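Q: First the structure, which I've put down as structure tokens, then a few questions once you've had a look.
Just so you know, all these numbers are worked out from the coordinates, no wet-lab data involved. None of the values given here were measured: they were computed from a predicted structure. Cβ sites come from the backbone with ideal geometry, for glycine too, and all protein chains shown count toward neighbours.
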Amino acid sequence: MLVKNPEPFEAPLRGTVYGTLLNFRGALAALGDSVNQPPLKAPPKAPILYIKPRNTFAADGDAVSLPDGVDALEFGASLALVIGRTACRVAERDALDVIAGYAIANDVSVPHQPYYRPSLRFKCRDGYCPIGAVVPRGAVPDPDALAITVEVDGEVVQRAHTSTLIRPVEKLLADVTEFMTLSRGDLLLIGVPEGAPRLRAGQRATIRIDGLGELRNHVVAA
Amino acid sequence: MKRARVAYAGAVHDATPHRDGLQLADGRVLTEDAVVWLPPIAPLGTILALGLNYAEHAKELAKELTTSAKDEPLVFLKGPNTLIGHRGLTRRPNGAGFMHYECELAVVIGRSAKNVKRADAMAHVAGYTVANDYAIRDYLENYYRPNLRVKNRDGCTALGPWLVDAADVPAPGALDLSTHVNGKLVQHGNTRDLVTGIAELIEYLSSFMTLAPGDVILTGTPEGVVDVQPGDEVVCEIEGIGRLVNTIVGDAPFGR
């Protein structure tokens, strides 16, 4: 069920935004045997996280700028968990309690592979993390049962579902908070599904996640 | 000028050096061990860190690197959960095989920087402090390496004691760095050996991301990293900037 424009609530102040690499089974499968070859050599074991720093924060409706020499940007539709209270060594059974709400995030990247080195130049450019309105946790009965769709210029180009996560939400929170504390206002993006679309200058995308409304962004030439 | 942030007698204070230790803004003079030292940067923005930014350190790690080609600086980000102040305690997980310190010059941004050329870059620096950026190599994976499980653990990045105004550091590109473990010299270098210097780093980073006041760049560590164990006292010192003390502890104080 889609709620077109859910009522926003008073969300915690924005803290640190963490993304999770390759947490959809299909996204990992899409790499094929390359995960066993150099430089990667093995599939990920623990959660692989990255940070979308404050210069990347943007909002619904914002344009995303295409750098010189790049044809298209990858729009990474992701469910964002909005942390409501200090989360350190959270047990899976308690994990949903640390979530204040949910939002749609668009984890924008200059397409790149392999994932051997951190890639600030590809993932941390100004405006490369639009984030939609936060809805309270109670509005989403099960974060592991949400359909994600992405439309580009009015045509659905990606369909995914959070039931295909390698680490479902509770497991992800438990494994992440084993080694780092999340604080109120932090966001944890659960991952970008396989088949993320690439947009050229002038193209517009709408990301929809069940119960969270939509997030619209477009690409402009620099 | 050198400034610190400390907690004392129920409040957080700004402090300056004093011959007997430190002096709070309200005049009280205290010994170094009478206060709790906090990271000296507030408000804190994005934490950027360099890997392999000293040629000799890159050589030291070369045998475990999958690729050696280096066409641009290796930069990664850290979250605020990882920061602790001077005289803090850092946990070494039971069973870890190789945990090491990294003494680094930390550059604090004071003025917004976007597309800044290196000739103008230093005007965007507010000041400097000392960082000790621990790594636990057991957790390295070949994805966005060094991954956050290695580099963004709670309490694994010590900063301080002082934030030193840029105006008082005329030659940030020629500072001696050293680390002592239990009084023994284990790491020594000089910021003149940075592969990518401070001005070049600001030029590079600001070419794709806007740096803002409170952002901090940890510029990398020289060679000489060795394993540390619970009970070890690790002292990172940078000429003219400060002497940052940290103690390694085990799992027990954390109830693990």
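Q: Please give the average number of partner chain Cβ atoms lying within 10 Å of the Cβ of each residue in B:145-157, rounded to a whole number.
A: 5
Q: Residue by residue through B:79-89, how many Cβ atoms from other chains fall within 10 Å of the Cβ on average? Intermediate results must be reported in sequence, preceding the final value.
A: Values: counts 12, 5, 11, 2, 0, 0, 0, 0, 0, 0, 0.
For peptide B:79-89, the averaged partner shielding equals 3.
Q: Can you list the equivalent-ellipsoid semi-axes of chain B, largest first and in whole Å, using the square root of 5 times each Cα gyration tensor eigenvalue? Don't jump to the answer; show the numbers that get you there.
A: Details: eigenvalues 138, 118, 52 Å².
In descending order, the three semi-axes are 26, 24, 16 Å.
Q: When the C-alpha atoms of the protein assembly as shown are aligned to their principal axes, what extent does each axis show, in angstrom, from largest down?
A: So the three principal-axis extents are 68, 45, 43 Å.
Q: I want the local charge near A:GLY61. Using Cβ-Cβ distances under 11 Å, sum +1 for each Lys or Arg and -1 for each Asp or Glu among the other residues. Before the final figure, lay out each step's value.
A: Values: positive: A:ARG204, A:ARG216; negative: A:ASP60, A:ASP62, A:GLU214.
Every neighbour counted, the sum reads -1.
Q: Taking the simple approach of a point 7 Å from Cα along Cα-to-Cβ for both B:ARG192 and B:MET122, what is their distance in nm?
A: A separation of 1.5 nm, rounded to one decimal place.
Q: Between B:ALA199, B:ALA34, B:ALA11, which gets the highest mean-square fluctuation from a Gaussian network model of chain B, Cα cutoff 10 Å?
A: Of the options given, B:ALA11 has the highest mean-square fluctuation.
Q: Moving on. Could you state the number of Å between the C-alpha centres of region A:39-66 and region B:72-134?
A: 20 Å
Q: Measuring from the lowest to the highest alpha carbon on each principal axis, how far does region A:131-175 reach, largest first, in angstroms?
A: 38, 24, 18
Q: Residues of A:122-135, mean number of Cβ from any other protein chain within 10 Å of their own Cβ, rounded to a whole number?
A: The per-residue average across the peptide is 2.
Q: Take the residue pairs A:LYS52/A:LYS123; B:LYS2/B:LYS114; A:LYS123/B:LYS78; A:LYS52/B:LYS114; A:LYS123/B:LYS117 and return only those whose Cα atoms are more than 19 Å apart.
A: Those over the limit are B:LYS2/B:LYS114; A:LYS123/B:LYS117.
Q: Which lysines have a Cα less than 23 Å from the Cα of B:LYS59, not counting those fewer than 8 places away in the same chain?
A: Within reach: A:LYS41, B:LYS70, B:LYS151, B:LYS184.
Q: Which residue fluctuates the most in chain B, going by a Gaussian network model with Cα springs under 10 Å, if the choices are B:ARG149, B:ARG118, B:ARG19?
A: B:ARG19
Q: Project the alpha carbons of region B:82-192 onto their principal axes and report the range along each, largest first, in whole Å.
A: The principal-axis extents, from largest down, are 47, 36, 23 Å.
Q: For region A:1-142, compute the orientation-averaged projected area of the C-alpha convex hull (one quarter of its surface), in nm². Before the final figure, lay out the partial values.
A: Numbers: hull surface 41.4 nm².
Directional mean of the projected Cα hull area for region A:1-142 stands at 10.3 nm².
Q: Please report A:ILE131, B:ILE41 as a ranked list, fewest other C-beta atoms within 10 angstrom at the top and most at the bottom. Please list the in-between numbers first.
A: On the way: A:ILE131 26, B:ILE41 23.
Final ranking by Cβ density, sparse to dense: B:ILE41, A:ILE131.
Q: Now for a separate question. Mind telling me which of A:GLN203, A:GLN37, A:GLN158 comes out most flexible in a GNM of chain A, alpha-carbon contacts under 10 Å?
A: Looking only at A:GLN203, A:GLN37, A:GLN158, the biggest GNM fluctuation is shown by A:GLN37.
Q: Same structure, new question: Above 18 angstrom, tally the Cα pairs of region B:189-248 and express them as a % of all pairs, no decimals. Before the final figure, lay out each step's value.
A: Values: 931 of 1770 pairs.
Distances greater than 18 Å cover 53 percent of the Cα pairs.
Q: Going by a 4.7 Å Cβ-Cβ cut-off, which cysteines of chain B have no partner at all?
A: Here B:CYS156 come out as lacking a disulfide-compatible partner, given the Cβ-Cβ threshold of under 4.7 Å.
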